[in-house]
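Each value in this text was obtained by applying a stated rule to the coordinates, not by laboratory testing. None of the values given here were measured: they were computed from a predicted structure. Every residue, glycine as well, gets a Cβ built from its backbone with ideal geometry; the counts of neighbours run over all protein chains shown.
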Amino acid sequence: MEIDILIEDDGWNEDALERLAGEAFAATLDALGLDPAAFAVSILACGDARIAELNAEFRGKPTPTNVLSWPSEERAAEAPGEMPDLPEAAPGGPSEELGDIALALGVISREAEEAGRPFEQHLAHLLVHGLMHLLGFDHITDADADLMEKLETAILARMGVPDPY
């Protein structure tokens, strides 16, 4: 798995983020029957002010959020609750770019503390969640949310992370 990380907030630990992202992305792709070695993702590790700017620009919501995702292409399912159109990488070819994920340190830290969860467990959940958005999963409808949450819970269990829901 090719992971490109840009750190904009000095509070992030790049080594820990790279390790956890590698684990979360590999577990997610493996669970979906995809070869992690065939894909690439870019991560922006930022602070709350930067993610609020991005949230305002791309979603019209000028507030900080925990994670944002920008898929490289549309992969949404045909109908609510169905699997999205997962990517197929060419064997032996260059890594297929799945898209970009932005993570906000302050929001993630506060949410973890409020939920009484270790920071790394909450971050692992958001990395899996963000990657699933890049793969075409969503939670707009109840059927889509149910599918996404069930898969996330199973993937996180493989990583030793308790059910976040």
Would segment 86-98 turn up any residue that is surrounded by 13 or more Cβ atoms within 10 Å (Cβ to Cβ) and over 16 Å from PHE39 (Cα atoms)?
-> no
Just give me the residues in segment 31-77 being within 14 Å of ALA89 (Cβ to Cβ) and of a type outside the set (Phe, Trp, Tyr), in sequence order.
-> LEU32, GLY33, LEU34, ASP35, PRO36, ALA37, ALA38, ALA40, VAL41, SER72, GLU73, ARG75
Quick one: which residue in LEU54, LEU17, LEU32, LEU105 is free of Cβ contacts under 8 Å to residues at least 60 places away in the same chain and either in contact with a helix residue (DSSP H, G or I) (Cβ under 8 Å, 6 or more places away or on another chain) or of a type in the set (A, V, I, L, M, F, W, C) (or both)?
-> LEU54
The correct count of residues that are assigned to a helix (DSSP H, G or I) and either surrounded by fewer than 17 Cβ atoms within 10 Å (Cβ to Cβ) or touching a strand residue (DSSP E or B) at 6+ places or on another chain (Cβ under 7 Å) (or both) in segment 121-148 is 10
Output for segment 8-44, where each listed residue is within 24 Å of PRO118 (Cα to Cα), more than 16 Å from the chain's Cα centre (by Cα) and of a type in the set (A, V, I, L, M, F, W, C) | TRP12
Output the residues belonging to segment 35-51 that are among the small types (Gly, Ala, Ser), buried (at least 19 other Cβ atoms within 10 Å of the Cβ) and touching a helix residue (DSSP H, G or I) at 6+ places or on another chain (Cβ under 8 Å).
-> ALA45
Could you identify the single residue in SER69, SER95 that is under 13 Å from the mean Cα position of the chain (by Cα) and either over 21 Å from ALA26 (Cβ atoms) or among the polar types (S, T, N, Q) (or both)?
-> SER69
Across segment 100-120, what is the total count of residues that are over 16 Å from ASN13 (Cα atoms), of a type in the set (Gly, Ala, Ser) and crowded, with 16+ Cβ neighbours inside 10 Å?
-> 1
